[in-house]
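Structure first, then comments.
The values are calculated or read from the model by the stated rules, or taken from the named source; none is laboratory data. Treat the numbers as computed from the prediction; the structure is a model and nothing was measured. Every residue, glycine as well, gets a Cβ built from its backbone with ideal geometry; the counts of neighbours run over all protein chains shown. The area values use the complete protein model at the heavy-atom level, side chains included, leaving out ligands, DNA and RNA. Shrake-Rupley method; radii C 1.70, N 1.55, O 1.52, S 1.80 Å.
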Amino acid sequence: MIEVFVEEQWRFLDVKGRQVVDVGAFNGDSAIYFAVRGAERVIAVEPHPAAYAEMLRNLELNQLTDKVMPINVALGRPGHIEIVVDVSLDYVIDKIYKKSTKIRGRTASVRSITLAELLRLTNARPDVLKFDCEGCEFDIINHEYQTLSMFKEIGIECHADIQSRKLKECLATLSQDYECKFIKNSSKYAIIHCYR
């Protein structure tokens, strides 16, 4: 909440009058932020069942159910992924930041769809794309670039070392159609703005 509303980490995105695809919407904080800042419509994608349920409550409390369309799926290759559901969300996030390979607990199967399918199912206009999905951005950049490149503007929160080969390759791919610059660069993560 502090990053989104106090630090306004996504303020660089031009959302006014545009549709935003918010990948990794978590509890709805960024979707609410975009709606309040004048987004025409927000497609809020969150795979974790507990975070998704919290997002539904937050959208209702903020009376934004008409502007934000919550979707409980993961983005990536078609099929299903397993999400750990019986530990706290803080624990899951902490393990992701510390790059743990295993998070033990009961899992739930969540549907995974492509970015192209998401746009088709929601009839979303590819104006602004926000990624905060703990690594799914790399898969989408590498395997769905044709769909991704339809967006006018992209904001990425990336949990990878900025010197990593993976990040350099993704930025090289994006630079075919976008100018990309680092908005924030810390030891934990980077925020990248790509625009035409």
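If you roll a 1.4 angstrom probe over the protein chains with everything in place, what fraction of the accessible area of the range 129-196 belongs to carbon and sulfur, to the nearest %? Could the numbers behind the result be given before it?
Numbers: 1580 of 3320 Å².
After summing per-atom areas, the C and S share lands at 48 percent.
Would you mind checking which residues have amide H under 5 Å from Ala74's amide H? H placed 1.01 Å from N; only 5 or more apart, or other chain.
Sorted by chain and number, the residues that satisfy this are Arg111, Ser112, Ile113.
Please check which bits of the range 130-153 a label hung off Phe182 would reach, taking the label as a point 7 Å along Cα-to-C-beta and the cut-off as backbone N under 13 Å.
Counting only backbone N, you get no residues.
Connecting C-alpha atoms closer than 10 Å in a GNM of the chain, tell me which of Gly24, Gly135, Gly76 has the biggest fluctuation.
Of the options given, Gly135 has the highest mean-square fluctuation.
Please work out the average accessible area per residue across the range 1-73, using the 1.4 Å probe convention, and give it in Å².
Numbers: 3280 Å² over 73 residues.
Normalised by residue count, the accessible surface of the range 1-73 is 45 Å².
Along Cα→Cβ, 7 Å out, is where each label goes; now give me the distance between the ones at Glu8 and Glu40 in nm to one decimal.
2.3
With the chain treated as a Gaussian network of Cα nodes joined by springs under 10 Å, which of Phe12, Phe138, Phe26 yields the largest mean-square fluctuation?
Phe12
What is the extension gain from Gln146 to Arg57, computed as 0.36 nm multiplied by their sequence separation minus the C-alpha to C-alpha distance, in nm to one decimal? Let's see the in-between values first.
Working: separation 89, 0.36 × 89 = 32.04 nm, distance 3.46 nm.
Contour length minus the Cα-Cα distance gives 28.6 nm.
Would you work out the relative contact order for the chain, in percent, from Cα pairs under 8 angstrom that are 6 or more residues apart?
Here the relative contact order equals 18 percent.
Identify all aspartates and glutamates with a Cα-Cα distance to Lys67 below 12 Å; exclude those on the same chain that are fewer than 8 residues away in sequence.
Straight-line reach from Lys67, under 12 Å: Glu40.
Apply the a/c threshold of 1.5 to the C-alpha gyration tensor of the chain and tell me whether it is rounded, prolate or oblate. Before the final figure, lay out the partial values.
Working: a/c = 1.30, a/b = 1.05, b/c = 1.24.
Note, shape of the chain comes out rounded.
Magnitude of the Cβ-charge dipole of the chain, K/R +1 and D/E -1, about the Cα centre, nearest 20 debye?
Values: 26 positive and 28 negative charges, 62 e Å.
About 300 debye.
Across the range 183-196, in residue order, what do the Karplus-derived ³J(HN,Hα) couplings come to in whole Hz, using 6.51 cos²θ - 1.76 cosθ + 1.60 with θ = phi - 60° and x for Gly and Pro?
So the Karplus estimates, Gly and Pro as x, are 8, 9, 9, 10, 5, 8, 6, 10, 10, 10, 10, 10, 8, 8 Hz.
Whole Å is fine, so just give me how far the alpha carbon centre of the range 120-144 lies from that of the range 1-61.
If you average the Cα positions of each part, the centres end up 14 Å apart.
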